[in-house]
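K.L.:
Dropping the structure in here first, questions after.
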Amino acid sequence: MAFADDGRDPLERYSRQMRFPPLGEDGQRKLATSRVTICGCGALGTVLANHLVRAGVGHVRIVDRDFIETHNLQRQILFDETDVAENLPKAEAAARKLRLINSQVQIEAVVTDIDHANILDLVSDADLILDGTDNFETRYLINDAAVKLGKPWIFGGVIGSEGQSMTIRPGITPCLRCVIESSPPPGMTPTCETAGVLGPAVSVIASFEAVEAIKLLAGKLDALNTELIMVDIWNWSFRRLKIAGLKGKVDCPTCVRGEFSWLEGEFGTHTTTLCGRNAVQVAVRRGEPLNFGELAGRLRALGEVKQNAFMLKFSTEGYEFTIFPDGRAIIKGTNDIARARSLYAQFVGN
Amino acid sequence: MSTTAVPIYLDNAATSFPKPEPVYLALDQFARTSLANPGRSGHRMAKEAERTIELARSALNRFFQGESANRWIFTLNCTDALNIAIKGSIQPGDHVITSDLEHNSVSRPLRRLEKDGVITLTRLESSEGYLDADQVRLALTPQTRLVALTHAVNVLGTVQPIEAIAAIVREAGALLLVDAAQSAGVVPINLKSTPIDLLAFPGHKALYGPTGTGVLYVGRRAKLRPWREGGTGGDSKSVLQPEELPFALEGGTPNALGIAGLAAGIEWVTRQGVEQNRLHEVALLQRVVDWVEAEGSGYGWNVAGRWDAASHVGALSLITPNLDDFHPQVISDILDTSFGIAVRSGLHCSPYIHQRIGSFPDGTVRLSPGPFNTEAHIDAFLEALQAISVGIL
């Protein structure tokens, strides 16, 4: 590496960070030998990766299934118009940019859909898992893997101008399911696609996650956040929910009873490529009746919505969704299962 | 509109459900009392398991009038049986005749052998779901070693003139492999009067066994090379796979439990009478055909293939009015989610026939009633189609 060979102290570039006494040089050295896996490289993921690579975390693995689109540029800070023109996968484009920013960091791009079959491979060698996802299905999967492996992870989620974050250390803090036992069924939650999202809101939450990551990796455990943080940057509210007491108090299916329903593939979506042209069926194992009216209301602003007693049809960006009352959907316009899962998470929500 | 608690199951061509009560009882009893390793050990339970399998072979031989019980091979499923038959009989340079009516379990192994330059292949073109025996006569060459054809088409339910074809193939000296996946148990097959060399079928369709059971009959003229070799429960000192049937083709512990269930299914079908189930299912399908003629065609529904109740099994494909609003997958999803009715849409693993009838690649909506379906089930299906036809637009 050019930088290491020029005779200067490799830690020199982090001098302003090391001069912050609570971190110090010892903290910086620990960062340099740490490994993280960032799950999802969209709005949250790019801010997270940017902070951690600049801060000198030794090995950063970035996992994402999607390709960059123009409407990502408003908030996904590592991408530019050239990346869109080149039709690059997000993980790969982020890695290229980050290598220019800090050649000391080992950056690994993995273009894949995180699922129950591959998550353990993606996170088992990491010291910390970071949430840059846009759906609760993957978050519960991360939570299962983290609890099973006894590995810390940091939850973060943003929608509109609001965001939440918490730091989860299995065995020490409550886990995601202790605090949020279940997510609303598919189609019942707003998503960034339906409710919109502000770039600064993402930056705030991702920055909370990043600073927690730095503390945790540097071994500054006393400084860690023990609350569920809820921020609304538009209405200027900042709430901190005390959750430490939930640890061991709730009969958590995951960290108390040891049920890993997402990791075992029991919960979550199931996809099949269909006979015919360019269509994937996304089926939901935990099917609950959808409220077509609500869903139609959210989708109407984004594309054409048609509805009858049996299904809701929604067309947007060259894709056609046929959504059924139990939450399953046929997505026309792609043969790619990862893309279909992504579209489902973005527009129906899971 | 609400989905019923117990779905109306119209997907018996894939796997029959429910099974007759004696099958459940046999499975339960065998699992509790006799689920040992057949023949591998000399103790009482092993002997009992072995006996169950031997009785099942005898039952198959009686049912289909085969030459002897040891010519009945138990396989993993029909695909396994077809692969054993095709890959075990073919020599480089052979010519093989097949048709566009076949399931991928016949088409894919043959296409692979053709693509690899091992065989030459003639694929006969059907008309409205039927082959004519004369087409086979015209396609036969001196190099033809194998004619591999389905008896009843899984997509359309049409039954082929297998007796006439068998006579022609035998006269030419080639081997005839019949895929009886949709016919075994509902269309009489008499091996004494019909010269079929290789007969393959699953246990889990119209013979009412559980999944994981398949059968291959190996006639005297067929000499198959085994591709799965291993333990056969006897003659262990021999360093090679034994040559005598059924062991030559049955390496590995067989699915004794499944075979016990299959035997009970065969017995049940025998008591019912082979034609009985077919007549019941075809009568149910007649209601669908009548609806299409009277009302469905007005919405754009069509029956795929020629409807001839006398040469039909209990499977029927419907061509949907159009693909934009009535894509087959959308229809089967609506039937499932809004009406609690299970059918199968798509290509049914048989791309060539869909190409032939013009429903490729989106497929058709196939319904396949079984002996436990009633007129009320079919009427519920038709009411659903009516409601969808009116309500979808």
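K.L.:
Might you let me know whether region A:299-307 holds any residue that is among the charged types (D, E, K, R), surrounded by fewer than 18 Cβ atoms within 10 Å (Cβ to Cβ), within 11 Å of chain B (Cβ to nearest Cβ) and more than 25 Å from the chain's Cα centre (by Cα)?
P.N.:
The answer is yes; a qualifying residue exists.
K.L.:
Same structure again: Is there any pair linking a residue in region B:112-123 that is at positive phi to one that is outside any strand (DSSP E or B) and surrounded by fewer than 17 Cβ atoms within 10 Å (Cβ to Cβ), with Cβ under 9 Å and at least six apart or on different chains, and which?
P.N.:
B:117/B:92
K.L.:
Let me ask another. Of all the residues that make up region B:214-272, how many are of a type in the set (A, V, I, L, M) and part of a loop (DSSP other than H, G, I, E, B)?
P.N.:
The qualifying residues number 5.
K.L.:
If I filter region B:301-317 down to residues being surrounded by fewer than 24 Cβ atoms within 10 Å (Cβ to Cβ) and touching a residue at least 60 places away in the same chain (Cβ under 8 Å), which single residue comes out as nearest to the other protein chains (Cβ to nearest Cβ)?
P.N.:
Per the stated criteria, the residue is B:301.
K.L.:
A follow-up question, please. Residues in region B:129-177 that are buried (at least 18 other Cβ atoms within 10 Å of the Cβ), touching a helix residue (DSSP H, G or I) at 6+ places or on another chain (Cβ under 6 Å) and part of a helix (DSSP H, G or I): how many?
P.N.:
Going through region B:129-177 one residue at a time, the tally reaches 3.
K.L.:
Let me ask something else. So which residues in region B:359-393 are within 14 Å of another protein chain (Cβ to nearest Cβ), crowded, with 21+ Cβ neighbours inside 10 Å and polar (S, T, N, Q), if there are any at all?
P.N.:
B:359, B:364
K.L.:
Please give the number of the condition residue A:145 fails out of (1) out of contact with any helix residue (DSSP H, G or I) (no Cβ under 6 Å at 6 or more places or on another chain); (2) of a type in the set (Gly, Ala, Ser); (3) part of a helix (DSSP H, G or I).
P.N.:
(1)
K.L.:
Taking the options A:190, A:174, name whichever one is surrounded by fewer than 19 Cβ atoms within 10 Å (Cβ to Cβ), of a type outside the set (A, V, I, L, M, F, W, C) and touching a Lys or Arg at 6+ places or on another chain (Cβ under 7 Å).
P.N.:
After ruling out the rest, the residue left standing is A:190.
K.L.:
Which members of region A:298-350 meet the condition of being in a loop (DSSP other than H, G, I, E, B), closer than 19 Å to residue A:71 by Cβ and small (Gly, Ala, Ser)?
P.N.:
The answer is A:301, A:303, A:318, A:333, A:349.
K.L.:
Go over the candidates A:134, A:125, A:115 one by one and state the one that is of a type in the set (Asp, Glu), surrounded by fewer than 23 Cβ atoms within 10 Å (Cβ to Cβ) and closer than 30 Å to residue A:188 by Cβ.
P.N.:
After applying the criteria, what remains is A:115.
K.L.:
Go through A:276, A:293, A:287, A:258 for me and flag whichever is outside any strand (DSSP E or B), more than 13 Å from chain B (Cβ to nearest Cβ) and at pLDDT below 90.
P.N.:
Going through A:276, A:293, A:287, A:258 in turn, the sole match is A:293.
K.L.:
Within the bounds of region B:211-229, is there any residue that is hydroxyl-bearing (Ser, Thr, Tyr), assigned by TED's automatic domain parsing to the domain that holds residue B:73, within 25 Å of residue B:316 (Cβ to Cβ) and in contact (Cβ under 8 Å) with a residue 40 or more places away in the chain?
P.N.:
yes
K.L.:
When you check residue A:263 against the structure, is it crowded, with 16+ Cβ neighbours inside 10 Å, part of a loop (DSSP other than H, G, I, E, B) and not assigned by TED's automatic domain parsing to the domain that holds residue A:137, yes or no?
P.N.:
The answer is yes for residue A:263.
K.L.:
Turning to a different aspect of this structure: What's the total number of residues in region A:78-115 that are touching a residue at least 12 places away in the same chain (Cβ under 8 Å) and part of a loop (DSSP other than H, G, I, E, B)?
P.N.:
Here the count works out to 12.
K.L.:
Another question, then. Only one of these conditions is not met by residue A:281: (1) surrounded by 17 or more Cβ atoms within 10 Å (Cβ to Cβ); (2) without any contact (Cβ under 8 Å) to a residue 12 or more places away in the chain; (3) within 14 Å of chain B (Cβ to nearest Cβ). Which number is it?
P.N.:
Condition (2) is where residue A:281 drops out.
K.L.:
Among the residues of region A:308-327, count how many are within 11 Å of chain B (Cβ to nearest Cβ), surrounded by 16 or more Cβ atoms within 10 Å (Cβ to Cβ) and either touching a residue at least 12 places away in the same chain (Cβ under 8 Å) or of a type in the set (A, V, I, L, M, F, W, C) (or both).
P.N.:
Number satisfying all stated conditions: 8.
K.L.:
Return only the number of the condition from (1) crowded, with 21+ Cβ neighbours inside 10 Å; (2) of a type in the set (S, T, N, Q); (3) over 22 Å from residue A:336 (Cβ atoms) that residue A:102 does not satisfy.
P.N.:
(1)
Matching residues to (1) over 30 Å from residue B:331 (Cα atoms); (2) part of a loop (DSSP other than H, G, I, E, B):
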site: B:16; (1), (2): no, yes
site: B:24; (1), (2): yes, no
site: B:36; (1), (2): yes, yes
site: B:41; (1), (2): yes, yes
site: B:52; (1), (2): yes, no
site: B:80; (1), (2): yes, no
site: B:84; (1), (2): yes, no
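K.L.:
Count, please, the residues in region B:1-14 that happen to be under 22 Å from the mean Cα position of the chain (by Cα) and either more than 19 Å from residue B:185 (Cβ to Cβ) or in a loop (DSSP other than H, G, I, E, B) (or both).
P.N.:
Total meeting the criteria: 5.
K.L.:
Pairs needed: first member in region B:286-299, assigned by TED's automatic domain parsing to the domain that holds residue B:386; second member anywhere, β-branched (Val, Ile, Thr); C-beta distance under 7 Å; at least 6 residues apart or different chains.
P.N.:
From region B:286-299, the pairs are B:287/B:378; B:288/B:378; B:289/B:303; B:292/B:303.
K.L.:
While we're on this one: Being facing chain A (nearest Cβ under 9 Å) and of a type outside the set (A, V, I, L, M, F, W, C) is the filter here; which residues of region B:326-358 pass it?
P.N.:
B:327, B:328, B:329, B:333, B:336, B:337, B:338, B:345, B:346, B:348, B:351, B:354
K.L.:
Could you list all residues from region B:65-78 that are part of a helix (DSSP H, G or I) and under 15 Å from the mean Cα position of the chain (by Cα)?
P.N.:
B:78
K.L.:
Within region B:156-166, is even one residue closer than 30 Å to residue B:33 by Cβ, assigned by TED's automatic domain parsing to the domain that holds residue B:27 and not β-branched (Val, Ile, Thr)?
P.N.:
no
The values are calculated or read from the model by the stated rules, or taken from the named source; none is laboratory data. Note that this is a predicted model, so its numbers are computed, not measured. Ideal geometry is used to build each Cβ from the backbone, glycine not excepted, and the neighbour counts take in all protein chains shown.
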